[in-house]
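Just so it is clear, none of the values below were taken in a lab; they were calculated from the coordinates. Just so it is clear, the model here is predicted, and its values are computed rather than measured. Virtual Cβ from ideal backbone geometry, glycine too; neighbours counted across all protein chains shown.
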Amino acid sequence: MAILASIASEAKGDAERAVAISDLPEYLYKTERENKVFFVCSLIDYIARATKNRRSDVVEALGPQRLGRIVELADVYHSDNIDAVSDRFIEEAGIGEGVFDNVAAARYAVPSHWDIGKVYKRLVLAIADREGTTDVEAILRAYCSPVSALIDDYNGSFYYDSPEAIYDAYVTGELE
């Protein structure tokens, strides 16, 4: 009986404590939209690394219709092997081998495709929300902007900048 009273007391204490959303791991409070955009941005980076292409070239090769389909079905693709998913879209879009290899050129630790996907996700969502455009159009704008080259320079520190600073550089065109 004492054990039950102790458990009940702990449960009551837990219920009385409010947990701020910022105290939770990010994956517990991301929206479906954020998750989809994050996956698409990570997939773009994965494809670019696999084919040694600039991210803008990958986005242009995928095109708005295919990107729309990837966004729409991102929750399905996310549960599949990323190699299989990327191979499918590389073949479908006819993305050939390029010569851009920012991973090999990096002198320091290379961020993962998930890390860079998160950077682009934040930029894409800011563009879509602040400019009143679709997520697909925001993806095209983000990856085809001068800011993209800075994010993809792993010898620089731009991709570490705050999401607001990256968006401001996108808007103003004032690049470091």
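Assorted remarks:
- 5 angstrom amide H check on residue 98, placed H, neighbours 5+ away: 52, 53
- Working from label points 7 Å from Cα in the Cα-to-Cβ sense, the residue 103 to residue 133 distance is 2.8 nm.
- Shown here are the Rg and Dmax of the Cα trace of region 67-132, at 14.6, 38 Å.
- Full-extension gain in nm, residue 114 to residue 73, via 0.36 nm per residue minus C-alpha separation: 13.0 nm
- Ranked for footprinting exposure by Cβ neighbours inside 10 Å, fewest first, 113, 78 give 78, 113.
- Percent of Cα pairs exceeding the 27 Å cut-off, where the set is region 42-176: 15 percent
- Region 23-176 - percent relative contact order, Cα under 8 Å, separation 6 or more: 28 percent
- Relative exposure of 160, 108, judged by other C-beta atoms within 10 Å (fewest first): 108, 160
- P(r) tail for region 118-176: Cα pairs beyond 20 Å make up 14% of the total.
- Given charges at Cβ of Lys, Arg, Asp, Glu: region 71-110 dipole, positive-most of 104, 89, 77: 104
- Label-to-label distance, residue 153 versus residue 172, with points set 7 angstrom from Cα along the beta-carbon direction: 1.7 nm.
- Rounded FRET efficiency, nearest 0.05, which uses the C-beta distance separating residue 160 from residue 32 and R0 of 22 Å: 0.20
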